[in-house]
Every structure is written in C-alpha cells, then in structure tokens.
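A short write-up of the structure that comes next.
The values are calculated or read from the model by the stated rules, or taken from the named source; none is laboratory data. Note that the structure is a prediction, hence the values are computed from the model and not measured. Ideal geometry is used to build each Cβ from the backbone, glycine not excepted, and the neighbour counts take in all protein chains shown.
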Amino acid sequence: MKRNFAAYFELIAWIASLVMLACMQPATDTHYSLCAFKWLGFSFCPGCGLGHSIAYLFHGEIAASLHAHPLGIFAVLVLLHRIYTLTKRKFLFFTP
C-alpha cells in the first residue's frame with residue numbers, strides 16, 4: 001500500500017510552524033526575515049508582519065496582533081482548519 005508522505009509532511013510542517021510562532025517573542029525577534037520582497041528591495045509586502053501578528057495572538061495580545069497584520073487571526077483559523085482536515089483524513093479515516 002502506497003502512502004502519501006506529502007500530506008504527513010504538510011501536517012508536520014504546519015504544526016511545527018505554529019509551535020515556533022507560539023514560542024517566538026514578537027517584541028524582540030525582529031531580525032529574521034524570509035521575505036522575498038524585502039530581499040528584492042521592495043518596501044511593500046502584503047505578508048510582512050503576519051508572523052508577528054500570529055505570535056502576538058498566541059501571547060494573548062489581540063490589539064498588537066491586529067496592528068501587526070489585520071489578517072493574522074484569519075491566517076491562524078485557516079491553518080488550524082487545514083491541520084484539522086489533514087488529521088481527520090490521515091488518522092481518523094485512514095484514507096490515502
């Protein structure tokens with residue numbers, strides 16, 4: 001029986017990402033950037049601040065989360081839904 005390891009990898013990646021953002025201290029961890037727009041010299045990026053917004057949200061700072069990026073709460077909801085569907089598909093129903 002062939003298993004779809006890409007779905008397992010995706011599940012682990014999303015969970016690990018949320019755990020790392022929950023452990024991040026958004027007020028002090030500002031020097032890391034994986035933004036391709038910033039690397040290319042653009043001053044505007046639609047996703048910049050999203051990681052900080054999620055980190056603020058996990059620390060219970062709703063106002064700071066909304067200030068960092070207004071879609072941070074929505075992004076967490078989307079990721080939690082994706083984690084739920086992957087978990088349900090892979091572990092509850094055992095479908096390939």
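So the values come out like this:
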{"quantity": "Scan of the range 5-28 for residues that are out of contact with any helix residue (DSSP H, G or I) (no Cβ under 8 Å at 6 or more places or on another chain) and modelled with pLDDT under 80, ordered by number", "calculated": "PHE5, ALA6, ALA27, THR28"}
{"quantity": "Matching entry among PHE37, PHE44 (being of a type outside the set (Val, Ile, Thr), outside any helix (DSSP H, G or I) and at pLDDT below 85)", "calculated": "PHE44"}
{"quantity": "Subset of the range 42-84 that is surrounded by 12 or more Cβ atoms within 10 Å (Cβ to Cβ) and hydroxyl-bearing (Ser, Thr, Tyr) - its residue that is nearest to ALA6 (Cα to Cα)", "calculated": "SER53"}
